[in-house]
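As structure tokens, the structure follows; a few thoughts come after it.
No value in this document is a laboratory result; all are computed from the given coordinates. As the structure is a computational prediction, the values presented were derived from the model and not from experiment. Note that we place each Cβ from the backbone using ideal geometry, even for glycine, and neighbour counts take in every protein chain shown.
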Amino acid sequence: MATIKVERPKLSVGEKIYFGAIFKGMIITLRHAFRSLFGKSVGADDFNSSGMGITMQYPEQKWDDQLPEYYRGVPALVTDEQDRERCVSCQLCEFICPPKAIKIIPGEIPSDDEWAKVEKRPKVFDIDMIRCIYCGMCEEVCPEQAIYLRPDYVVTGTTRKDMVHDKDRLYEIGGKRIGLVNKWNDLK
Amino acid sequence: MDTTFLLAAAIKIGVFIGITLTFVSICVIFERRFSAVIQDRVGPNRTMIPLTILGFKKDLALPIGGLTQPVADGLKFILKEDFTPSYVRKFFFWIAPALVVVPALLTMAVIPFGSPMEFGDTFIPMAVADLNVGPLFIFAIASLSVYGITLAGWASNSKYPFFGGVRSCAQMISYEIALGLSIIPVLMMFGTLNLGHIVEYQAANGWLLIPVWGEGLSLERWLMLIPLGISFVIFTTSIFAETNRMPFDLPECETELVGGYHTEYSSMKFALFFMGEYAAMVVGSALIVTLFFGGWSIGFGIDGLLPTGAWWVSLLHIGCFLTKVTVFILFFILVRWTVPRFRYDQLMNLGWIVFFEAALINVFLAALVIAYPSIGAGGFAVGLAALIVVSALLIKIAKGATEKPDAQAV
């Protein structure tokens, strides 16, 4: 195998003086600076820029309409069209949950209740959003189609307690599901 | 020593150090925002006044584009843990940051911020010390800051800071020479070392690099632009090296030396290094503006129309000076985000072989141009020929120095 000798490129006098290259570089950086000041950066429109550079300034601007259909955000509980809690507290999600974020205390439905036939519903249903890894296994395992991963992703709190979603909060996020809801159909 | 002098000096010290420190923090925010727009980003734009920690309901968000960011940065530095590793040489470790900041602030003393202000029957110069050796004082004091960096590197008792300190030492020495030699044409032209007089001359007769009014319109001044332009380029580049700014920031060089001389520093001690660098940058810009761009003068003959000594004229001139300094700071920042870092041998070559020789030849070139009226065309031609021969010789020697020994022969 022949040895290939790689030579350094021969520079012309202009290149050796170096200032031309620096000025060219400065023109490039300045062009970027002015373009981003006036919101005309390359790709500003594609990235939904805030008007400076290509940055989208997050809390004010969001890209929710660009979220894919299969996006897995916070898990939430849903009720059916008669406002019945779908969850029957079988605790399958609690057992499957890999980080053990779900805590359920099952409760009986009193016999004089409208839905007494269902027999059980959760007394306490907590999801610790600090632990939750958004894997979607709870949704997959649920036999009653009661828990879904919603497209919401903004979960904030100033204390650990704030980050635990209790039953009320979960129903608030989940809302009502009307009609036959299957995990595999488009309605989500 | 009359009371007016003492009082004026005290006020000037307070105000000018205040201005310098304000400029340091302005530098920080400019650096962050300007680099952001260069890189198509936004930068820190939403720093608020945190009223919530004082018990109010909401933070106060002023529409000032994150100008409070330096305050937040400073608070962060003060509140951070000031950690001193157990293996450092304590005394030098503690004194090094101060040794970086103090020279940078000291050099501000001789910079004339504005035209002299009339007070009673005396004119008060708008410089803390109206020395007759201005630039020399600045070079003498500014080169002291290398002690801070070298001591920091040595006292850290750790290899990367040590490399940083040594590099800084070598770099400062190399560029000090080019720095000193490059302004000799400027001083030859002015014939004075008093920065105040230099600026007054430029106000009347055209800025050094823009001679378009007063005596500046003479052929001699326009011929002088050649050596002065070379001076300006060498001087500016050397100031970059002196302040350890980007194309020459080998002492800290994150990619090779972790953080260089300040690797072991944290909290306010690190902030002092940071401040020292920016203060040096402010002083460097101020010096370039004073020497080459007419200092506080508004220029284009306007200064002559204004009444001398009126307080508002002085303030106007201070404003003009600070505007020019700001422009130069922006230039410093632009260069930082444009030019990549030099390799160390390239840096040394540039300092010792290119700039040193160029500055030396430049001195004689300037002398030739200045002497032209007295020696006439014939003398000028002889001088030019001699200069070309000497330059060719110098370049040949310089080329010999850069040639690498042949690998085969060794």
Cleavage-rule hits (chymotrypsin sites (Phe, Trp or Tyr not before Pro)) in the stretch A:55-132: DSSP loop, at most 11 neighbouring Cβ within 10 angstrom: A:W63, A:Y70
Most mobile of B:G180, B:G400, B:G383 in a GNM of chain B (Cα contacts under 10 Å): B:G400
Within chain A, longest stretch free of exposed GluC sites (Glu not before Pro) [DSSP loop, at most 11 other beta carbons within 10 Å]: A:115-188
Spatial extent of the protein assembly as shown: Rg and Dmax, with the Cα atoms as the point set, Å: 33.8, 122
Charge dipole (chain B, unit charges on Cβ, about Cα centre) - positive-most of B:L7, B:H197, B:L305: B:L7
Label point distance in nm, B:I397-A:F34, each placed 7 Å from Cα along Cα→Cβ: 4.6 nm
Cα-projected label distance for A:Y71 with A:E144, points at 7 Å along beta-carbon direction, nm: 2.9 nm
Chain B, Rg to Rh (Cα coordinates; Rh as Kirkwood inverse mean 1/r): 1.01
Nearest-0.05 FRET efficiency for A:I130 and A:E172, computed from C-beta distance (R0 30 Å): 0.95
Test item: Cα-centred dipole of the protein assembly as shown, Lys/Arg +1 and Asp/Glu -1 on Cβ, debye: 1020 debye
Highest-first arrangement of B:44-57, B:222-235, where packing means the average Cβ count within 10 Å: B:222-235, B:44-57
Two-site FRET efficiency, B:V166 against B:R343, from Cβ-Cβ distance with R₀ of 25 Å, rounded to 0.05: 0.95
Cβ neighbours within 10 Å from other chains - mean over A:18-25: 2
Beta bridges per DSSP with both ends in chain A, % antiparallel, nearest 5: 95 percent
Cα-centre dipole for chain B with unit charges at Cβ (Lys and Arg positive, Asp and Glu negative), debye to 20: 1000 debye
Extension gain from B:F56 to B:T3, taking 0.36 nm per residue of separation minus the Cα-Cα distance: 14.3 nm
Alpha-carbon spread of the stretch B:187-311, three principal axes, descending order, Å: 54, 37, 21
Charge-dipole axis of chain A as Lys and Arg at +1 and Asp and Glu at -1 on Cβ define it, positive-most pick from A:I127, A:W63, A:C97: A:W63
Contact order relative to length of the stretch A:31-188, as percent, for alpha carbon pairs under 8 angstrom and 6 or more apart: 24 percent
Cross-link table A:K100/B:K76; A:K62/B:K57; A:K62/B:K58; A:K5/B:K399; B:K269/B:K399; B:K12/B:K76, entries beyond 32 Å C-alpha to C-alpha: A:K100/B:K76; B:K269/B:K399
On Cα atoms only, tilt of A:19-37 relative to the major axis of chain A in degrees: 30 degrees
10 Å Cβ neighbours from other chains, averaged over peptide B:29-40: 4
Whichever lysines have a C-alpha closer than 17 Å to that of A:K123, once near sequence neighbours (fewer than 8 apart) are set aside: A:K103, A:K167
Over chain B: helical MRE at 222 nm, DSSP H runs n ≥ 4 each giving -39500 (n - 2.57), nearest 500: -21500 deg cm²/dmol
Virtual spin-label span in nm between B:T122 and A:R160, 7 Å along Cα→Cβ: 6.9 nm
Backbone N within the stretch B:5-24 under 20 Å of label point (7 Å from B:L67 Cα along the Cβ vector): B:15-24
Sorted by Cβ neighbour density within 10 Å, fewest at the top, the residues B:Y261, A:Y171: A:Y171, B:Y261
Sites B:M48 and A:M26 - FRET efficiency at Förster radius 22 Å, r taken between beta-carbons, to 0.05: 0.05
Normalised contact order of chain B, rounded percent, pairs of Cα under 8 Å and 6 or more residues apart: 21 percent
Residue of A:I27, A:I178, A:I147 that the Gaussian network model of chain A assigns the largest fluctuation, springs spanning Cα pairs under 10 Å: A:I27
Candidate aspartates and glutamates for bridging to A:K24, where Cα separation is under 20 Å - those fewer than 8 sequence places away on the same chain excluded: A:E15, B:D40
Environment charge at B:I124 (Cβ cut-off 12 Å; Lys +1, Arg +1, Asp -1, Glu -1): -3
DSSP H segments from chain B that extend 27 Å or more along their own axis, Cα-based, with Kyte-Doolittle mean of 1.6 or above: B:3-38, B:311-336, B:356-402
